[in-house]
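The structure appears right after this line, and notes come after that.
No lab work stands behind these numbers, since they all come straight from the coordinates. Just so you know, these numbers come straight off a predicted model, no measurement behind them. Cβ sites come from the backbone with ideal geometry, for glycine too, and all protein chains shown count toward neighbours.
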Amino acid sequence: MYDLNALVKVLAKSKLVAVLTGAGVSQESGIATFRDPDGLWAKFNPMELASMDGFMSNPELVWQWYGFRREVMAKCEPNAGHFALAEMENLFEEFSLATQNVDRFHQRAGSRNVHELHGNIIDNFCCSCGAPYLDEINLDDKSPVKCKVCSKFIRPAVVWFGEMLPADALNAASWAAENCDVYFSIGTSAEVYPAAQLPQLAKRRGAYLVEINPNETSLSRLADMKIALPSSRALPMILEAIKNV
Ligand code: BV8
Ligand code: ZN
């Protein structure tokens, strides 16, 4: 069981608060998660779709899958959990938000300093020469558009399985995990590495670890506090408790 008063007391003494979010934070905005029974991967095999090999062997299928997800994200809105995190950013001396999500909902909700560990689904670049592709994407295109420089395929600016995470985002998120007083792991199954290492690293370095997730994860037994609520309910409650101190 969680105790918001105890959490507020710990937060009141904190200089740096760090956060890692996963697909669960966007679930209540209408974006399917990856591993829940009705999740994105449930219908597809992640290695088949979210990897360079998958894209090269079936560019049309992968391009259409991203088109479908872009369409869903364009119709959805950030939820109360995103907005609460954006407000929390201003309540602490230092606040670091790292996300595995590619939907940019944290930024749309007003978070200014977001470390995108798995890239974003909005931008695109060339698979071959790396040139950014800046034109509008037609979501009805059934096959990937071609690069204007070398006419190879364009791809979404997400990090695929087997690909390195952007060094600047991972370094910033790792530094925050190593130096924070409180670490929130929110809406993630903590199964995808190296992002999943961050909460463990924070805990090892002595941070107070809070997990917000209605379900159990491999992190739950490590957490100092487990809040088994949807993030869109838990985060506004935490924000209110902090503001009412
Ligand atoms: C790397 C972008 C190596 C794309 C994503 C075999 C082959 C290749 C690699 C590996 C391998 N085995 C292991 C690996 C490493 C691999 C990995 O970790 N695999 C896992 C599956 C074991 N990692 C990688 O490949 C990474 N790169 O290792 O590079 C390397 C090393 C050196 C040199 C070169 C290369 C790259 C990983 C990034 C993959 N890209 N996304 C896209 O989106 O299309 S991963 C994808 O999973 C999303 O980013 C997603 O966010 C992420 C993690 O999932 P979660 O966010 O946790 O989502 P999930 O559905 O799992 O969980 C949701 C949770 O929310 C649940 O717990 C649920 O209970 C909870 N929830 C639900 N509703 C709510 C809620 N919580 C709160 N409120 C709610 N309302
Ligand atoms: Zn090119």
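Percent of Cα pairs in the chain per distance bin of 5 Å, from zero to the largest separation: 1, 6, 13, 18, 19, 15, 11, 7, 5, 3, 1, 0.
Across the chain, where is the longest run that never hits GluC sites (Glu not before Pro) in a DSSP loop with at most 15 other C-beta atoms within 10 Å? Longest gap between qualifying sites, sites excluded: 1-92. Listed by chain and number, the lysines whose C-alpha is less than 30 Å from the C-alpha of Lys226, apart from same-chain residues fewer than 8 away, are Lys9, Lys13, Lys15, Lys43, Lys203, Lys243.
Taking label positions 7 Å along the Cα-Cβ direction at both Glu87 and Asp168, the computed distance is 3.1 nm, reported to one decimal. Only DSSP H runs of four or more residues enter the estimate; each adds -39500 (n - 2.57), and after division by the residues of the chain the mean residue ellipticity at 222 nm equals -10000 deg cm²/dmol.
Lys146: which aspartates and glutamates have alpha carbons under 12 Å from its alpha carbon, excluding same-chain residues fewer than 8 sequence positions away? Qualifying aspartates and glutamates at Cα under 12 Å: Asp135. Going from the fewest other Cβ atoms within 10 Å to the most, the residues Arg104, Arg204 appear in the order Arg204, Arg104. Reported to the nearest whole Å, the Cα centre-to-centre distance from the range 119-146 to the range 191-241 is 34.
The modelled label-to-label distance between Ala6 and Arg204, using points 7 Å beyond Cα along the C-beta direction, is 2.6 nm.
Across the range 48-159, Cα pairs under 8 Å and at least six residues apart give a relative contact order of 25 percent. Set the Cα radius of gyration of the range 1-127 against 2.2 N^0.38 Å, with N its number of residues, and you get 1.23. In loop segments of the range 15-72 as defined by DSSP, the trypsin sites (Lys or Arg not before Pro) with at most 11 further C-beta atoms inside 10 Å of their C-beta are Lys15. Placing R0 at 22 angstrom, the Cβ-Cβ distance between Glu71 and Cys129 gives a FRET efficiency of 0.20 after rounding to 0.05. Applying a DSSP loop filter and a limit of 11 other Cβ atoms within 10 Å to the trypsin sites (Lys or Arg not before Pro) in the range 137-166 leaves Lys142.
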